[in-house]
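S.K.: My structure is below; once you've seen it, I'll send some questions.
The values are calculated or read from the model by the stated rules, or taken from the named source; none is laboratory data. Everything quoted here is computed from the prediction, not taken from an experiment. Cβ coordinates were reconstructed from backbone atoms using ideal geometry, including for glycine residues, and neighbour counts include every protein chain displayed.
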Amino acid sequence: MQFDTLVQGGTIVTAADTYVSDIGIAEGRIAAIARELPRETARQVFSAQGRMVIPGGIDVHTHLDMPFGGTTSSDDFETGTIAAAFGGTTTLIDFAIQYKGQTLRTAFDAWGKKAEGKAATDYAFHCIVTDLPDARLEEMDALVREGVSSFKLFMAYPGVFMLDDATIFRAMSQAARNGAMICMHAENGGAIDVIVRRALAEGKTAPKYHALTRPTTAEAEATGRAIALAEMAGAPVYIVHLSCNDALEKVREARDRGLPVYAETCPQYLFLSIENFDVPGFEGAKYVFTPPLREKWHQEKLWAGLAKDNLQVVSTDHCPFCYKDQKELGKDDFTKIPNGGPGIEHRLSLVYTGGVHGGRFSPNRFVELVSTTPAKLFGLYPRKGTIAVGSDADLVIWDPTQEETISAKTHHMRVDYSMFEGIQVKGVPRQVFVGGRLVIDNGKFVGKSGAGQFLKRQPHSGL
Ligand code: URP
Ligand code: ZN
Ligand code: ZN
């Protein structure tokens with residue numbers, strides 16, 4: 001058998017197995033896995049001896065080139081996917097926004113144009129729905145057929161993205177029929193708006209008030225409501241960017257009852273807390289995203305949720321805005337600070353450090369959280385999310401012992417600060433392959449912008 005590339009002698013780690021083997025790659029796919037494959041037949045050989053080989057990371061929650069909060073997120077599909085690749089992420093699912101009055105198809109086309117010719121990793125889209133009259137419901141079916149098999153709905157941001165319960169219920173009922181996954185931003189936007197207006201009237205305008213006006217109860221209430229609506233509609237629901245124990249308890253209760261309820265958290269909720277706002281002047285704006293940072297004790301609850309499968313995925317909610325000029329839009333009023341933070345590059349290293357080196361779960365569970373379950377929940381498995389003959393050769397040669405300190409001085413995201421500045425991680429990618437193409441080689445980008453493929457996803461079929 002002729003291979004384009006041979007990855008030799010690594011410890012293959014999937015969600016299910018750990019074993020030493022060679023991997024032969026041909027035409028972008030994994031063509032063979034065996035203890036010893038003949039190296040003479042390969043055009044190039046990479047030694048993975050002493051290292052792990054894991055399936056490429058899948059980040060199912062990113063916002064590249066997204067107009068939001070009076071500006072646009074600072075990474076586009078070129079800079080964002082390159083930064084993702086540096087961290088071992090080889091596929092991402094971004095959010096195409098349907099603005100009020102538009103067809104859903106318009107959103108898909110617009111985001112397709114943003115990504116085409118730029119993305120260095122593979123990519124797919126969810127569709128954010130902001131407006132859903134009856135006539136538009138069938139457009140959901142059409143989008144599912146085109147591979148956009150998940151929709152994000154908002155219970156927050158009144159006047160911008162927020163939908164009422166009736167619209168959410170109609171969308172969920174349609175998803176129950178067409179196999180779409182509903183991704184829910186669960187916060188009670190109406191109550192939060194009242195609390196925010198009270199704070200502003202009292203002259204509370206500093207960044208930390210973004211967090212202090214969005215209580216955990218608002219997230220828990222909306223999470224519970226989303227689950228109840230999904231149960232009535234007979235649809236699965238996926239709670240995005242879950243940040244606190246109160247909301248986690250709602251997910252746990254629903255899963256204990258056997259409901260198809262899933263949830264992700266993000267590294268910022270695992271590593272940062274409300275204490276990050278204890279910085280001089282306006283610097284707290286670096287931590288303004290939604291849901292906000294919580295008291296520190298929630299972190300350990302979220303880690304336990306990941307270990308016990310009450311949480312199934314770690315995504316990033318990567319939505320970068322530069323401190324200078326973008327975050328500064330809210331200098332005098334926290335409600336004008338664009339919401340979002342940068343994280344696409346460091347997800348795998350952070351989860352490996354806190355999860356595996358922290359003694360909270362195994363390397364297999366790590367792979368499941370950052371790659372396999374995202375692929376299964378969002379219709380990409382087994383093409384993505386595992387190491388098996390026939391799967392895309394999206395591979396990461398992972399050095400589990402290498403230490404690095406995260407810093408804006410060395411990261412590759414197009415943003416002038418890091419949320420994780422100074423945090424030391426242990427476990428980094430050495431080589432990263434997307435569809436058999438080497439894109440990262442020992443800290444250098446050697447891939448090609450525009451080489452990433454749009455992925456048509458299957459409908460949701462359970463875990
Ligand atoms: O603050 C955040 N999370 N910005 C991105 C939009 C969203 O709600 O996911
Ligand atoms: Zn959201
Ligand atoms: Zn988001």
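S.K.: Please give the number of the condition Thr106 fails out of (1) part of a helix (DSSP H, G or I); (2) farther than 30 Å from Phe277 by Cβ; (3) touching a helix residue (DSSP H, G or I) at 6+ places or on another chain (Cβ under 8 Å).
M.R.: Here Thr106 meets the rest and fails (3).
S.K.: Under 7 Å between Cβ atoms, which residue pairs at least 6 apart in sequence (or on different chains) link something in region 36-49 that is within 9 Å of Val7 (Cα to Cα) with a partner that is surrounded by fewer than 15 Cβ atoms within 10 Å (Cβ to Cβ)?
M.R.: Listed pairs, sorted by first residue: Val45/Arg39.
S.K.: When you go through (1) hydroxyl-bearing (Ser, Thr, Tyr); (2) in contact with a His (Cβ under 9 Å, 6 or more places away or on another chain); (3) within 15 Å of ligand 1 (Cβ to nearest atom) one by one for Thr130, which number turns out not to apply?
M.R.: Unmet for Thr130, out of (1) hydroxyl-bearing (Ser, Thr, Tyr); (2) in contact with a His (Cβ under 9 Å, 6 or more places away or on another chain); (3) within 15 Å of ligand 1 (Cβ to nearest atom): (2).
S.K.: I would also like to ask the following. Looking at this structure, is Val251 out of contact with any Leu (no Cβ under 9 Å at 6 or more places or on another chain) and assigned by TED's automatic domain parsing to the domain that holds Lys296?
M.R.: Spelling it out, it is not the case that Val251 is out of contact with any Leu (no Cβ under 9 Å at 6 or more places or on another chain) and assigned by TED's automatic domain parsing to the domain that holds Lys296.
S.K.: Of everything in region 239-254, what is touching an Asp or Glu at 6+ places or on another chain (Cβ under 7 Å) and within 16 Å of ligand 1 (Cβ to nearest atom)? Give them in sequence order. Steps first, please.
M.R.: Let us first name the residues in region 239-254 that are touching an Asp or Glu at 6+ places or on another chain (Cβ under 7 Å), namely 240-244, 246-247.
Once the filter is applied, which keeps residues that are touching an Asp or Glu at 6+ places or on another chain (Cβ under 7 Å) and within 16 Å of ligand 1 (Cβ to nearest atom), region 239-254 yields Val240, His241, Leu242, Ser243, Cys244, Ala247.
S.K.: If we keep just the residues of region 56-78 that are more than 10 Å from ligand 1 (Cβ to nearest atom) and more than 16 Å from the chain's Cα centre (by Cα), which is nearest to Ala124 (Cα to Cα)?
M.R.: Looking at residues that are more than 10 Å from ligand 1 (Cβ to nearest atom) and more than 16 Å from the chain's Cα centre (by Cα), I get Glu78.
S.K.: Identify all residues within region 291-341 that are assigned to a loop (DSSP other than H, G, I, E, B), more than 27 Å from Asp246 (Cα to Cα) and away from ligand 2 (no atom under 16 Å from the Cβ); write none if there are none.
M.R.: Cys322, Tyr323, Lys324, Asp325, Gln326, Lys331, Asp332, Asp333
S.K.: Take residues that are more than 26 Å from Gly330 (Cα to Cα) and touching a helix residue (DSSP H, G or I) at 6+ places or on another chain (Cβ under 6 Å) and tell me which of the strands (runs of 3 or more DSSP E) falling wholly in region 14-100 contain 3 or more.
M.R.: Values: elements: 18-26, 29-34, 42-47, 52-55, 57-62, 89-97.
By residue number, 57-62.
S.K.: What is the number of the single condition among (1) in contact (Cβ under 8 Å) with a residue 60 or more places away in the chain; (2) away from ligand 1 (no atom under 16 Å from the Cβ) that Arg294 does not meet?
M.R.: Here Arg294 meets the rest and fails (2).
S.K.: Filtering region 143-184 down to residues that are within 16 Å of ligand 2 (Cβ to nearest atom) and of a type in the set (Ser, Thr, Tyr), which residue is surrounded by the fewest Cβ atoms within 10 Å (Cβ to Cβ)? Walk me through how you get there before you give the answer.
M.R.: Looking only at region 143-184, we keep the residues that are within 16 Å of ligand 2 (Cβ to nearest atom), and these are 150-163, 168, 171, 181-184.
Subset that is of a type in the set (Ser, Thr, Tyr): 150, 157.
On the way: Ser150: 27, Tyr157: 19.
Filtering first and then ranking leaves Tyr157.
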